[in-house]
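Input: a single structure, listed below in structure tokens.
The values are calculated or read from the model by the stated rules, or taken from the named source; none is laboratory data. Bear in mind the structure is a predicted one, so any value in this text is a computation, not a measurement. Every residue, glycine as well, gets a Cβ built from its backbone with ideal geometry; the counts of neighbours run over all protein chains shown. To get the accessible areas, we keep the full protein, side chains included, count just its heavy atoms, and leave off ligands, DNA and RNA. Shrake-Rupley method; radii C 1.70, N 1.55, O 1.52, S 1.80 Å.
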Amino acid sequence: MACVLLQISTADSLVLGTIQIMIGIFHVFMWYFLLVLYMGQIKGVFGTYEPITYKTGCTLWGIFFIIAGVFLIRVTKYPTRSGIICTLIINIICIITTITAVTLTIIELSHFNSVSYRNYGQAKLGREVSRILLFFYALEFSIALTHSICSCSDLFRRQNDHTSVAEEAGSTLQKP
């Protein structure tokens, strides 16, 4: 029952929510940067470089991270059962999103088709951005997983508190 004892302080929860928002904003800015980068390619002999993460908009999925951070800050300030459940659900969505994005990024980085000489610099820069984003996906995954585990323990603790209060009320009514 060690999981029941997991708790994150209010300050730590606020920091985690803020970090999630910052990671999400960073991902959205990186999507815009890649958009400008790849839109500026010149149609060369070998074509343009359009990686799978760009086509699927992986970095635009940072919007989920922003929403998760906002939910986390909100539930830290005003903890309700429904708020905790919503935060848990959006964190699980973030975990799934990061696993998908990491998989697509690794596929992208493992396959590098030759591009025209004019677009080589843009392709190389885009691949470096993907490598940087791999670090942030891991960070977001760890934050979402940590908070999901603590949310589950908090829900379990709240359920036990309500059960013990109901048992105490029932036992006091039966004594007279």
Test for THR87: is it farther than 30 Å from ARG127 by Cβ, buried (at least 23 other Cβ atoms within 10 Å of the Cβ) and touching a Phe, Trp or Tyr at 6+ places or on another chain (Cβ under 9 Å): yes
Evaluation of PRO79 against (1) within 16 Å of GLY17 (Cβ to Cβ); (2) open to solvent by 60 Å² or more (accessible area, probe 1.4 Å); (3) in a helix (DSSP H, G or I) (one fails), failing number: (3)
Candidates PHE136, PHE156 - the one that is assigned to a helix (DSSP H, G or I), at pLDDT 65 or above, open to solvent by 30 Å² or more (accessible area, probe 1.4 Å) and over 26 Å from ARG81 (Cα atoms): PHE136
